[in-house]
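Presented below is the structure to which this report refers.
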Amino acid sequence: MKPCPQNPSSRKVGFELEFICPNKTQEVLRQSLAAMGEVKTDGSVHARTDDPLTEARHGWEFASNPASGAGLLKLINKVAEDLKTARAFANNTCGFHVHFDMSSTSEIQRKNIQNWWLVFEDLFFAMVPSGRRVSMYARRATDPTEGPWLRSRYRALNVTAFSRHRTYEVRLHQGT
């Protein structure tokens, strides 16, 4: 059997993982992840009464440094390992966001991505749990309650991230 090929892409990708962890492991986790990105509190993430830990917990977000190819896969594995060691977990208030570097793209290329997103958005939403389909932090591009999708960061595809980070952010996925 042939081994899976390594990811050859050179496009930089960053990710944000929202999670909950016990109070006693927070500082150790923050220190272990510091070289790989930033850990900060997240007010949209909160523990539920039926979560597996009984002690007080806070919502957190880890924002990774950008990486590409095999380096990205190593980064994801190391972060996941550290989160498991700290007994961190995700519930339905947690999201997983991915930032794709768009700094070398033209306006036409970015518009093409936006148009293709509109074509496939129903499929993308069908692939996630029902709770994510109604998330106020990952609304449809065509959601009429918030005006034009290009002006709101709380869309499943956040194109407003381009002006600040030179990325497009996919916010649709649940925490994992």
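The values are calculated or read from the model by the stated rules, or taken from the named source; none is laboratory data. All values reported here derive from a predicted model rather than from experimental measurement. Using ideal geometry, Cβ is built from the backbone for each residue, glycine included, and neighbour counts are taken over all protein chains shown. Accessible surface areas use protein heavy atoms only, side chains included; no ligands, DNA or RNA. Shrake-Rupley method; radii C 1.70, N 1.55, O 1.52, S 1.80 Å.
Mind listing just one residue for me: the one in the stretch 112-122 that is open to solvent by 40 Å² or more (accessible area, probe 1.4 Å) and within 21 Å of V13 (Cβ to Cβ) and, of those, farthest from the chain's Cα centre (by Cα)?
N112
For the stretch 154-172, give me each residue that is farther than 14 Å from G14 by Cβ, assigned to a loop (DSSP other than H, G, I, E, B) and touching a residue at least 24 places away in the same chain (Cβ under 8 Å).
A156, V159
Before we move on, is Y137 touching a residue at least 12 places away in the same chain (Cβ under 8 Å), part of a loop (DSSP other than H, G, I, E, B) and either touching a Pro at 6+ places or on another chain (Cβ under 8 Å) or aromatic (F, W, Y) (or both)?
Criteria met by Y137.
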